[in-house]
Amino acid sequence: MKQKGYTQIPIIDETSITGSIIITDLIGEDEETRVNDLLSESFPLVPIHTSVATAKMMLKEGNKAILVKKNNRYGIVTSQDLL
């Protein structure tokens, strides 16, 4: 995460997004600790054709959301992207 500059990433199992993990959650953790023991709430899902105004309202709760189209993940949008 640190090498790529990520501070938070979604965690995905075979079929769905199960949560997210924040880099600060990893501080002091043993290398044997499982990611699922550290999961935070998942990012909200935003349909890819959502208007910028609606996306801004959705991002007031958190600063990241996952763009989706027909259950396929397309990327992550952040509040900074919408400035």
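The values are calculated or read from the model by the stated rules, or taken from the named source; none is laboratory data. As the structure is a prediction and not an experimental result, all values here were calculated from the model. Here Cβ is always computed from backbone atoms with ideal geometry, including for glycine, and neighbour counts include all displayed protein chains.
With respect to Ile21, is the statement that it is assigned by TED's automatic domain parsing to the domain that holds Met1, surrounded by 11 or more Cβ atoms within 10 Å (Cβ to Cβ), in contact (Cβ under 8 Å) with a residue 40 or more places away in the chain and under 10 Å from the mean Cα position of the chain (by Cα) true? Steps first, answer last, please.
On the way: assigned by TED's automatic domain parsing to the domain that holds Met1: yes; surrounded by 11 or more Cβ atoms within 10 Å (Cβ to Cβ): yes; in contact (Cβ under 8 Å) with a residue 40 or more places away in the chain: no; under 10 Å from the mean Cα position of the chain (by Cα): yes.
Considered against the rule, which asks whether it is assigned by TED's automatic domain parsing to the domain that holds Met1, surrounded by 11 or more Cβ atoms within 10 Å (Cβ to Cβ), in contact (Cβ under 8 Å) with a residue 40 or more places away in the chain and under 10 Å from the mean Cα position of the chain (by Cα), Ile21 comes out as no.
When Ser20, Ser40 are checked against the criterion of being modelled with pLDDT of 85 or more, touching a Gly at 6+ places or on another chain (Cβ under 7 Å) and under 21 Å from Arg73 (Cα atoms), Ser40 stands alone in meeting it. Condition test on Arg34, is it in contact (Cβ under 8 Å) with a residue 40 or more places away in the chain and out of contact with any Gly (no Cβ under 9 Å at 6 or more places or on another chain)? The answer is no for Arg34.
On the basis of being hydroxyl-bearing (Ser, Thr, Tyr), modelled with pLDDT of 85 or more and more than 17 Å from Ile11 (Cβ to Cβ), does Thr78 make the cut? So Thr78 does not fit the description; no. Met58 meets all of the listed conditions (1) touching a residue at least 60 places away in the same chain (Cβ under 8 Å); (2) over 18 Å from Tyr6 (Cβ atoms) but one, namely (1). The set of residues from the range 41-55 being of a type in the set (Gly, Ala, Ser) and either surrounded by 14 or more Cβ atoms within 10 Å (Cβ to Cβ) or touching a residue at least 24 places away in the same chain (Cβ under 8 Å) (or both) comprises Ser42, Ala55.
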